[in-house]
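Contents: one structure, followed by commentary.
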Amino acid sequence: MKSFGYVKARTTEDAVHSFVSLPDARFLGGGTNLVDLMKLGVEAPGTLIDVSALPLDTISELPGGGLRVGATVRNSDLAAHPAVRRGWPVLSQALLSGASGQLRNVATTGGNLLQRTRCPYFQDTGQPCNKREPGSGCAAVEGVNRDHAVLGHSAHCVATHPSDMAVALAALDAEVELVGPGGQRTLPVADFHRLPGDRPEQDTVIRPGELITSVLIPASSAGMPSAYRKVRDRASYAFALVSVAAVLAVGDDGLIRYARLGFGGVAHKPWRAVAAESLLIGGPAGEDTYRRAVEAEMSHAAPLSGNAFKVKLARDLAVDTLVRLADRG
């Protein structure tokens, strides 16, 4: 690991100012991903700006019933919060399906959103990777790509986004609050991450010097049946082959009045299944409706040589999850 400077920020203004004024600076929250990448030689920041002591470690209720989650709230605290477990179990389940208990005790909400891909070619500095070194190529396209994307990938990158939490937040219409040299702004989580296109080195739309300060969870789906389910190679501490975050509400007339659906492990970003949602809402609740909607979404899939199984896996997992949610009423 290369030597680096270290600054402990006391205010968000200090953190942003330090980022702008120090060379090759990076924000450090829990460090569960960044420090690993520094050890591998993938990341080599000039200065780490420690934001873990900023007053962003609380969860508070918003007018109207939503939640504001501070960026340094630990994943384990967010998963266990009574309001989250009661109102948005999909989020609690997603958090508890990620990493290990020890890592969740350290990992932060903001850092979770900024996780980088676990593509082995990205993590191996001896391999070409457009995400790590733009213009060097993508070894995964013709290599071992069982864990890689089936939706939205490009010739430049086929990596997947690793976060479970972000998939649930995208399905909940959550928003990210940012502060940076240009001021404050708010973005939907579903638009925060980006597809690779010809710039795979850019995972998100965050601007240089911008710091995540909080995540806003709207009240629109509070209390509705919701679930996060994840298929992986081992029972714990593994990234998703495919995951599904779903919210479903069925009216007394048997018609679907609310539906949100997101996929993890299938794309460079949490995949919000907008096409499926449009077919679900207003339709009759039932497996035939769910299957038609999910098949329409997955009709855009373009599997690689080693991961065609993901298409069927995602489809079947989503349909089964929707059936189970409808049974809960």
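Would you confirm whether or not the range 78-88 contains a residue that is in contact with a Ser or Thr (Cβ under 7 Å, 6 or more places away or on another chain), open to solvent by 30 Å² or more (accessible area, probe 1.4 Å) and not in a strand (DSSP E or B)?
Yes, the range 78-88 contains at least one residue that is in contact with a Ser or Thr (Cβ under 7 Å, 6 or more places away or on another chain), open to solvent by 30 Å² or more (accessible area, probe 1.4 Å) and not in a strand (DSSP E or B).
Checked against (1) of a type outside the set (A, V, I, L, M); (2) farther than 17 Å from Ala149 by Cβ; (3) not in a helix (DSSP H, G or I), Asn307 meets all criteria but (2).
Against the criterion of being touching a Lys or Arg at 6+ places or on another chain (Cβ under 7 Å) and surrounded by fewer than 16 Cβ atoms within 10 Å (Cβ to Cβ), Glu201 qualifies.
Selection of first residues in the range 257-274 that are under 18 Å from Ala149 (Cα atoms) and in contact (Cβ under 8 Å) with a residue 12 or more places away in the chain and of second residues that are of a type in the set (Ser, Thr, Tyr) and open to solvent by 10 Å² or more (accessible area, probe 1.4 Å), restricted to Cβ pairs under 7 Å at least 6 apart or on distinct chains, gives the following pairs, ordered by first then second residue: Gly265/Thr160; Val266/Thr160; Ala267/Thr160; His268/Thr160.
Considering only the range 263-297, how many residues are of a type in the set (A, V, I, L, M) and within 19 Å of the chain's Cα centre (by Cα)?
Quick first cut of the range 263-297, residues of a type in the set (A, V, I, L, M) only: 266-267, 273-276, 279-281, 285, 293-294, 296.
Now drop any that are not within 19 Å of the chain's Cα centre (by Cα), which leaves 266-267, 273-274.
Number satisfying all stated conditions: 4.
Taking every residue in the range 284-298 that is on the phi < 0 side of the Ramachandran plot and pairing it with any residue that is of a type in the set (Lys, Arg) and surrounded by 14 or more Cβ atoms within 10 Å (Cβ to Cβ), at least 6 positions away or on another chain, the pairs with Cβ-Cβ distances below 7 Å are Val294/Arg315; Glu295/Arg315; Met298/Arg315. Checking each residue in the range 160-175 for being of a type in the set (Val, Ile, Thr) and farther than 17 Å from Val84 by Cβ picks out only Thr160. Inside the range 157-196, residues that are in contact with a Lys or Arg (Cβ under 9 Å, 6 or more places away or on another chain), assigned to a loop (DSSP other than H, G, I, E, B) and either free of Cβ contacts under 8 Å to residues at least 12 places away in the same chain or crowded, with 24+ Cβ neighbours inside 10 Å (or both) make up a count of 6. Just one of the numbered conditions (1) touching a residue at least 60 places away in the same chain (Cβ under 8 Å); (2) surrounded by fewer than 18 Cβ atoms within 10 Å (Cβ to Cβ) is not true of Val215: (2).
Where residues in the range 233-255 are without any contact (Cβ under 8 Å) to a residue 60 or more places away in the chain and surrounded by 12 or more Cβ atoms within 10 Å (Cβ to Cβ), which of them is farthest from the chain's Cα centre (by Cα)?
Let us first name the residues in the range 233-255 that are without any contact (Cβ under 8 Å) to a residue 60 or more places away in the chain, namely 233-235, 238, 249, 251-255.
Now narrow it down to the ones that are surrounded by 12 or more Cβ atoms within 10 Å (Cβ to Cβ): 238, 249, 255.
Numbers: Ala238: 15, Ala249: 23, Leu255: 30 Å.
The qualifying residue farthest from the chain's Cα centre (by Cα) is Leu255.
Pairs are defined by a Cβ separation below 7 Å, a sequence spacing of at least 6 or placement on different chains, a first member in the range 301-327 that is free of Cβ contacts under 8 Å to residues at least 60 places away in the same chain, and a second member that is among the acidic types (Asp, Glu) and open to solvent by 40 Å² or more (accessible area, probe 1.4 Å); the pairs so defined are Arg315/Glu295; Val319/Glu287; Val323/Glu287.
Of the residues that make up the range 121-131, is at least one open to solvent by 50 Å² or more (accessible area, probe 1.4 Å), of a type in the set (A, V, I, L, M, F, W, C) and either modelled with pLDDT of 95 or more or touching a strand residue (DSSP E or B) at 6+ places or on another chain (Cβ under 8 Å) (or both)? No, that holds for no residue.
With open to solvent by 20 Å² or more (accessible area, probe 1.4 Å) and assigned to a loop (DSSP other than H, G, I, E, B) as the only criterion, which of Pro63, Pro45 stands out?
On the way: Pro45 fails: open to solvent by 20 Å² or more (accessible area, probe 1.4 Å).
It is Pro63.
When the range 274-329 is limited to residues that are β-branched (Val, Ile, Thr) and out of contact with any Phe, Trp or Tyr (no Cβ under 8 Å at 6 or more places or on another chain), the one that is surrounded by the most Cβ atoms within 10 Å (Cβ to Cβ) turns out to be Val294.
For the range 20-42, the set of residues classified as open to solvent by 20 Å² or more (accessible area, probe 1.4 Å) and at positive phi consists of Asp24, Gly41, listed by residue number.
The values are calculated or read from the model by the stated rules, or taken from the named source; none is laboratory data. Bear in mind the structure is a predicted one, so any value in this text is a computation, not a measurement. Please note: Cβ atoms are built from the backbone with ideal geometry, for glycine as well, and neighbour counts cover all protein chains shown. For accessibility, only protein heavy atoms count, side chains too; no ligands or nucleic acids. Shrake-Rupley method; radii C 1.70, N 1.55, O 1.52, S 1.80 Å.
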